[in-house]
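Asker: Following this message is one structure expressed as structure tokens.
The values are calculated or read from the model by the stated rules, or taken from the named source; none is laboratory data. All of these numbers come straight from a predicted model, not from anything done at the bench. Cβ placement follows ideal geometry from the backbone for every residue including glycine, while neighbour counts extend to all protein chains displayed.
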Amino acid sequence: MKFPSPVSLQWISELIDAELIGNTTANALGINEIHKVEEGDLAFVDHPKYYDTCLNSNATFIIINTKNVVVPTGKALLVTKQPFEAYLKIVEHFRPFISYTKQISDTATIGKNTIIMPNVFIGHNVTIGNNCIIHPNVTIMDYCVLGDNVVIQAGTVIGSDAFYYNGKKDREIWFKKMKSCGTVIIEDNVEIGAGCTIDRGVTHETRIGKGTIIDNMVHIGHDTVVGKNCLFAAQVGIAGATTIEDGVTLWGQVGVSKTLTIGANAVVLAQSGVPSSLKGDKTYFGYPAEDASVKRRELVWVKRIPELWKKVMEG
Amino acid sequence: MKFPSPVSLQWISELIDAELIGNTTANALGINEIHKVEEGDLAFVDHPKYYDTCLNSNATFIIINTKNVVVPTGKALLVTKQPFEAYLKIVEHFRPFISYTKQISDTATIGKNTIIMPNVFIGHNVTIGNNCIIHPNVTIMDYCVLGDNVVIQAGTVIGSDAFYYNGKKDREIWFKKMKSCGTVIIEDNVEIGAGCTIDRGVTHETRIGKGTIIDNMVHIGHDTVVGKNCLFAAQVGIAGATTIEDGVTLWGQVGVSKTLTIGANAVVLAQSGVPSSLKGDKTYFGYPAEDASVKRRELVWVKRIPELWKKVMEG
Amino acid sequence: MKFPSPVSLQWISELIDAELIGNTTANALGINEIHKVEEGDLAFVDHPKYYDTCLNSNATFIIINTKNVVVPTGKALLVTKQPFEAYLKIVEHFRPFISYTKQISDTATIGKNTIIMPNVFIGHNVTIGNNCIIHPNVTIMDYCVLGDNVVIQAGTVIGSDAFYYNGKKDREIWFKKMKSCGTVIIEDNVEIGAGCTIDRGVTHETRIGKGTIIDNMVHIGHDTVVGKNCLFAAQVGIAGATTIEDGVTLWGQVGVSKTLTIGANAVVLAQSGVPSSLKGDKTYFGYPAEDASVKRRELVWVKRIPELWKKVMEG
């Protein structure tokens, strides 16, 4: 999330009651989680294991729970006992809850010739392009952006919160939600089926590329980037922060894990599971998804075990 | 889709700017895609690979992009450079978008003692029988037909568009939607759970047979025909144009591919995948789904490989 | 389901036209299905195979279709030809359909600082605690109870009917719905994603424990009890009457069968299937889900079959 305009670090340190060390006169441009952070942004870290990663990330300003680290040149620390709570406080300040008095917020922008059917909810600051069709009972949450010629079928949810929690097992409630302040960008000519859910980025964006078509009950996790002209069949699930390049086909019920890449024009056959990155221009099958012809031969080999057994055990 | 009344071919050829060859004084009764076309209907074909299939199908009138074919006796050609666009033009003429001014269209017919709970959307020309219960946030799109004693639970979508596209990779937008003008027929005593999606036929119908019960989050593709007294557990997905005969049981998360048949009273165990037709009266399991007892033995055989290995490799 | 106050057996026997045998002056406290029945409750049985189980269950009063059984001391029989229809009659008497004149029933109780977004349906006698957030297009059916700090994301359905039918293949309509009169209890600090469905108990309750977090498109069946601080990723499906103990993690697209137990702190990896109970504190994988390290080695063994084959068949 970028702030509406640069914000004084001094002011932020007071908001979150942190000690400011380093470049104290600077302004922050936004706040992002560690994987998506850009120069000029704030990020936070609360575990010694990740101190170095965060200090050496693109983050210019680091909310941290120690002073015993070397501040990289030009950067600043905001030292506080509870970096996660500090993150929440900043996000809640810049994205306060604004109540909804209408089904379609007055702050939403809707293009020409776009059809919004009954029972649709459109949140604050949503932008929808021209010639779109939004079917009944669709939910589009705050700040999401739809291009032109987009079709969203009934019951689909765009911009649900990221499934992203701060987990600690030494307290009564293990999981604390990392409040989502990211968004969803749906490019031109995308068509999304009925009953889908597309989560917003935690602090950045989830993106569906131009011309991609998505069947019913497909789930796409936070910060995932889908390329152009992809085809996802029904009940596909894609976890968070994954990259699906252009022209990828995922057949029904395929599951894709987080933070991996599927290369352009790859095809993943129905019900396969993808736990790690796949190269483009090939067809995959099974769990873990492998070259489909290799996997098919494997199924044949399994059927030969009894013959092997007979030969070996009975001579 | 049948036309409201027979339509002069001459008039259609002018609408789509096509040259009419053959039986030029005839009337067309409807338009359908090649698998569902009936005598008196129009169909279209734009790839030489399928010319013969289409000319020899039940279609009486063929929208085609060549003159170099033999017109079968009694049939007619409508020759145009872009048969797919011609199809879209005809469908859009007979099924123009009519805006929804109410949550429940005035053109919908709703039977006696039928309960429609709040936040339900019912489109134009929908027919619902007697003693039905339609739970909140359900969407029933135009032209769908529900019999008597039907229950549709919350959030379910009946009549979403077919996931059916004309795909060509030599243009910027690969997929162009084949506009759905088919419908969904739900017979008497069917019960459908929450969060399901049932796509309409592309040009014909998707049908759920009498007394079939469907659990939550089940997806059923376009033009699929489900028999009577079937039982589908949660998260089952069935692709398009498949036939499920009477009394079939599909347990949770089963996936069924397109254009196949599952025979009467077959049982498919949870999480299985069905890539091709299955005979009735048997129990299946695994991917690809096979006779369950065979498949269970296979799991046992796999566990014996280490023993085989030891014997063979170590003597 | 408990009755609003104790109900005379004599009165019930007249309602369902049954002959009362045994403790005829007693009052019944409620009606429950056989697995959930408590002392003072009615239960029903219509198949000789289950007569003994029902007579020896916690049920104090048994609706049954025979007199030829020994009535246990202190219990009573209500003898009728159609015990299932008698059950339905009692449930319909105590839970008559009350029409919904508003999106949010006047009989619902909603706590302080709870946000209800547009297009939400809240049924009769629902209780929602403080500081909850209910996103758009959510459905919460009658009698469900939500604690404090609960988040329900868009399109989710709480309290859909149990998928629980009386099945008999010797009649035209095989399946007759066992009308749900149970409920859903969602404890404090639970967060449920978008597009989920949580069925109510048939006669008792479905429960989600304190602090559990659930991603999008998760299905939870009737009478299932989920412990505290569990984490379920997207598209998980859990069948009915299962117990998931505290701290269990189910990754994406996992399927869990009915009436089993997953022990505390177990982890089940993505796409696995759980057909029977699992012990706690271990990681599982595959179908059927087994110790993940064992299963991973199995995948390696399968790849060695060709080498074995070569050695054995070709010497």
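Asker: Could you go through the range C:88-101 and let me know if any residue there is crowded, with 22+ Cβ neighbours inside 10 Å, within 22 Å of the chain's Cα centre (by Cα) and assigned by TED's automatic domain parsing to the domain that holds C:Asn27.
Answerer: Scanning the range C:88-101 turns up at least one residue that is crowded, with 22+ Cβ neighbours inside 10 Å, within 22 Å of the chain's Cα centre (by Cα) and assigned by TED's automatic domain parsing to the domain that holds C:Asn27.
Asker: Something else: Tell me the residue from A:Asp148, A:Asp142 that is over 15 Å from A:Gly240 (Cα atoms) and in contact with an Asp or Glu (Cβ under 9 Å, 6 or more places away or on another chain), please.
Answerer: A:Asp148
Asker: Further question: Based on what the data block shows, is A:Glu92 within 14 Å of chain C (Cβ to nearest Cβ) and over 30 Å from B:Asn119 (Cα atoms)?
Answerer: Judged against the criteria, A:Glu92 is a match.
Asker: Moving to a separate point now. Of B:Asp281, B:Asp223, which residue is farther than 25 Å from C:Gln271 by Cα, in a loop (DSSP other than H, G, I, E, B) and within 14 Å of chain C (Cβ to nearest Cβ)?
Answerer: On inspection, the qualifying residue turns out to be B:Asp281.
Asker: Any idea which of C:Met117, C:Met141 is under 20 Å from the mean Cα position of the chain (by Cα), within 9 Å of another protein chain (Cβ to nearest Cβ) and farther than 30 Å from C:Ile21 by Cα?
Answerer: C:Met141
Asker: Hey, another quick one. Say whether the condition of being more than 28 Å from B:Met178 (Cα to Cα) and free of Cβ contacts under 8 Å to residues at least 12 places away in the same chain is met by at least one residue in the range B:113-129. Even if it seems obvious, please write down each step before you answer.
Answerer: Taking the range B:113-129 and keeping what is more than 28 Å from B:Met178 (Cα to Cα), we get B:113-119, B:129.
Now restrict to residues that are free of Cβ contacts under 8 Å to residues at least 12 places away in the same chain: none.
Looking for residues that are more than 28 Å from B:Met178 (Cα to Cα) and free of Cβ contacts under 8 Å to residues at least 12 places away in the same chain, one finds none in the range B:113-129, hence no.
Asker: Please go through the range C:200-220 and pick out each residue that is among the charged types (D, E, K, R) and more than 8 Å from every other protein chain (Cβ to nearest Cβ).
Answerer: Listed by number, the residues that qualify are C:Arg200, C:Glu205, C:Arg207.
Asker: If we scan the range B:170-183, do we find a residue that is acidic (Asp, Glu), in a loop (DSSP other than H, G, I, E, B) and not assigned by TED's automatic domain parsing to the domain that holds B:Leu29?
Answerer: Looking through the range B:170-183, at least one residue is acidic (Asp, Glu), in a loop (DSSP other than H, G, I, E, B) and not assigned by TED's automatic domain parsing to the domain that holds B:Leu29.
Asker: Answer yes if at least one residue in the range B:193-216 is buried (at least 21 other Cβ atoms within 10 Å of the Cβ), in the same structural domain as B:Ile152 (by TED's automatic domain parsing), touching a Leu at 6+ places or on another chain (Cβ under 7 Å) and not in a loop (DSSP other than H, G, I, E, B), and no otherwise.
Answerer: Within the range B:193-216, one or more residues are buried (at least 21 other Cβ atoms within 10 Å of the Cβ), in the same structural domain as B:Ile152 (by TED's automatic domain parsing), touching a Leu at 6+ places or on another chain (Cβ under 7 Å) and not in a loop (DSSP other than H, G, I, E, B).
Asker: Could you give me the residue pairs with C-beta distances under 6 Å whose first residue belongs to the range A:60-76 and is charged (D, E, K, R), whose second residue is crowded, with 23+ Cβ neighbours inside 10 Å and assigned to a loop (DSSP other than H, G, I, E, B) wherever it lies, and which are 6+ apart or on separate chains?
Answerer: Hits for this filter: A:Lys75/A:Thr60.
Asker: Scan the range B:164-183 residue by residue and report those that are facing chain A (nearest Cβ under 8 Å) and over 15 Å from B:Val45 (Cα atoms).
Answerer: Scanning the range B:164-183 gives B:Lys169, B:Glu172, B:Ile173, B:Trp174, B:Phe175, B:Lys177.
Asker: Here is a follow-up. So in the range B:226-257, with the set limited to residues that are more than 10 Å from chain C (Cβ to nearest Cβ) and touching a residue at least 40 places away in the same chain (Cβ under 8 Å), which one is nearest to B:Asn32 (Cα to Cα)?
Answerer: That would be B:Ala241.
Asker: Quick check: anything in the range B:226-233 more than 24 Å from B:Gly182 (Cα to Cα), surrounded by 23 or more Cβ atoms within 10 Å (Cβ to Cβ) and among the hydrophobic types (A, V, I, L, M, F, W, C)?
Answerer: Checked against the condition, which is being more than 24 Å from B:Gly182 (Cα to Cα), surrounded by 23 or more Cβ atoms within 10 Å (Cβ to Cβ) and among the hydrophobic types (A, V, I, L, M, F, W, C), the range B:226-233 yields at least one hit.
Asker: So A:Gly22 fits all but one of (1) at negative phi; (2) buried (at least 17 other Cβ atoms within 10 Å of the Cβ); what number is the exception?
Answerer: The one condition A:Gly22 does not meet is (1).
Asker: What residue, of C:Gly123, C:Gly129, C:Gly155, C:Gly159, is more than 30 Å from C:Asp17 (Cα to Cα), crowded, with 19+ Cβ neighbours inside 10 Å and touching a Lys or Arg at 6+ places or on another chain (Cβ under 8 Å)?
Answerer: C:Gly159
Asker: While we're on this one: Which residue pairs have Cβ atoms closer than 8 Å, lie 6 or more positions apart in sequence or on different chains, and pair a first residue in the range B:292-315 that is at the interface with chain C (Cβ under 10 Å from one of its Cβ atoms) with a second residue that is surrounded by 13 or more Cβ atoms within 10 Å (Cβ to Cβ) and of a type in the set (Gly, Ala, Ser)?
Answerer: none
Asker: OK, next. Within the range C:286-298, restricting attention to residues that are out of contact with any Phe, Trp or Tyr (no Cβ under 9 Å at 6 or more places or on another chain) and surrounded by 15 or more Cβ atoms within 10 Å (Cβ to Cβ), which residue is farthest from C:Leu250 (Cα to Cα)?
Answerer: The qualifying residue farthest from C:Leu250 (Cα to Cα) is C:Glu298.
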